[in-house]
Structures are given as C-alpha cells and as structure tokens.
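These notes are about the structure you will find just below.
The values are calculated or read from the model by the stated rules, or taken from the named source; none is laboratory data. Because the structure is predicted, anything quoted here is derived from the model rather than measured. Here the Cβ positions follow ideal geometry from the backbone for every residue, glycine too, while neighbour counts run over all protein chains shown. Remember, those area values only see protein heavy atoms, side chains included, never the ligands or the DNA or RNA. Shrake-Rupley method; radii C 1.70, N 1.55, O 1.52, S 1.80 Å.
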Amino acid sequence: MLTQYRTVKRFGSAEVVIKKSRFIGYAKPVETEDEAIAFIESIKKEHWDATHNCSAYMIGERDEIQRASDDGEPSGTAGKPILEVIKNQGMKNVAVVVTRYFGGILLGAGGLVRAYTDGAVIGLAAAEPVYKVLHTEVLVEIDYTWHGKVDNELRNRGMLMGDTSFTDKVTLTCLPLAEETERFIHWMTDITQGQATIIEGESRYIDHDELP
C-alpha cells in the first residue's frame, strides 16, 4: 500500500461560462474502473441534452488505469487536457467529467483545451483535494498511574488519537504514521518502562488537508 496519495474528498461540481458556452466540472473519488465508468454514465444521463460530456480518470497505486474521452470534441482537445490536470495536481483514484453546453461561439482547438482544463480544475477544487495518509492503529493499555505521563507525552508529540477507554485500565488508541509504527511502539515501551500492553492493529487511510 502507498503510504500516502492525493485525491478528492467527495463528489463536487462547479461551473464556468466561456464565450457563452457553459462548462460544468464534476469530480469524484473512485477506487475501481467500474466506479469511474458508472460515475461518468450518471453525469451523461443527467446531462443527456449537453453538447459534450468529456471525461478522464486515473486509478491505481502506480496510475495503472488512465482513460480519457473527447466525447465528440476534436481529438486531444478535451479528454487529454482533463487527464493532464489530474496528473499535474498529483491526483490518484479520481474521475472527472466536464459537461459542455455550446453557446454558439467556436473556441478553436487552443480555446477548447483551456476551457476543458479550467472545467477540470474547478471540478477538482469543488470536490476538495485531500491527502490520504496511511496510519496504523496501535492500542496502548496502561495502569491509571501511567495515564497522566503517557497522555502528556502523546500530546507533546502531536500524536493523532482515536478513542480512549477507561475500565480497570486505560486503553489509548494511537494512530501513528504507518511507516513510523515500529519506532512508535519502541518509544511507547520505553516511556512506560515496559509496563504497557501494546497491540498493533490494522492500517487505514486517514484524510489530511496537508501532509503531516
């Protein structure tokens, strides 16, 4: 698994008018090609009366799946520029559709490239770009006498935390970066003088607006 990647948080859309043509940019996070295709088809269905519904998507840890469609626009003026925006923004696992309602003024090849680029940019911005960062859940069980010290150390370290449970002991749910899990466990063992019960759980992606 990648330790981090950039995508969008949710479905989003935005519109821009260029020389009387309406360009509506849509973006959505997708995990599979089937999801991307279904998303594109849903936009086409919603905008069945549009002049064009051009699209692109990029999926996979190594960007294995890359597709672009001009949907009737001159070759290379729509789908490819949309895909280039995804690449230039360092996005993965995202699909973008730019819908056009023709306003009667021809834009020319260069104008189309700029317009579809703008449509993709505003669509991605509306979907809220986010970093998916891999964290590992680590449960730390300690006696109450250790709670104050450990809690203070975790706060000073700026550790991302989950729930804390209080039973006969205190169980802290810590979420270190996946790549720092082993170091975190050694550190926690050290500050508790080996008195903590530490259980390493599963890794999962957590949203960050900026890289930690």
Kirkwood estimate for region 14-63, i.e. one over the average of 1/r between Cα atoms, Å: 12.3 Å
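Based on the inverse mean of 1/r over its pairs of different Cα atoms, what is the Kirkwood hydrodynamic radius of region 60-155, in Å?
Working: mean 1/r = 0.0592 Å⁻¹.
The Cα-based Kirkwood calculation yields 16.9 Å.
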Neighbour net charge for ARG183 - beta-carbon separation under 12 angstrom, K R +1, D E -1: -3
Contact order normalised by residue count of region 13-172, Cα under 8 Å, 6+ apart, percent: 28 percent
Non-local Lys pairs in the chain, i.e. 8 or more apart or on different chains, that have alpha carbons under 12 Å apart: 5
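Just need the Rg to Rh number for region 123-206, please, alpha carbons only, Kirkwood Rh.
Details: Rg = 14.7 Å, Rh = 13.7 Å.
That ratio equals 1.07.
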Heavy-atom accessible surface of the chain: percent carbon and sulfur, 1.4 Å: 48 percent
Overall dimensions of region 39-99 as given by Cα atoms, namely Rg and Dmax in Å: 11.5, 36
Cleavage-rule hits, GluC sites (Glu not before Pro), region 134-212, DSSP coil, Cβ neighbours within 10 Å at most 14: GLU210
Charge dipole (debye, nearest 20) of region 20-103; +1 at Cβ of Lys and Arg, -1 at Cβ of Asp and Glu: 400 debye
Accessible area in the full protein assembly, largest first, 1.4 Å probe, for THR167, THR77, THR3: THR167, THR3, THR77
Radius of gyration and Dmax over the Cα atoms of the chain, both given in Å: 23.3, 75
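Just want to confirm a number: the relative contact order over region 1-76, from Cα pairs under 8 angstrom separated by 6+ residues, in percent. List each step's numbers first, then the result.
On the way: 74 pairs, mean separation 15.5, N = 76.
Once divided by the residue count of region 1-76, the mean separation gives 20 percent.
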Dipole magnitude of the chain about its Cα centre (Cβ charges: Lys, Arg +1; Asp, Glu -1), debye to nearest 20: 1100 debye
Derived scalar couplings ³J(HN,Hα) [region 48-54; Karplus, 6.51 cos²θ - 1.76 cosθ + 1.60; whole Hz; x for Gly, Pro]: 4, 9, 6, 5, 8, 10, 8
Cα centre as origin, Lys/Arg/Asp/Glu Cβ charges: region 105-193 dipole, Debye: 420 debye
Accessible area in square angstrom per residue, region 1-128, 1.4 angstrom probe: 48 Å²
Kyte-Doolittle at least -1.0, axis length at least 18 Å by Cα - qualifying DSSP helices, the chain: 33-46, 108-126
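Relative contact order for region 66-126 using alpha-carbon pairs under 8 Å, separation at least 6, rounded to a whole percent?
Reported as a whole number, the value is 39 percent.
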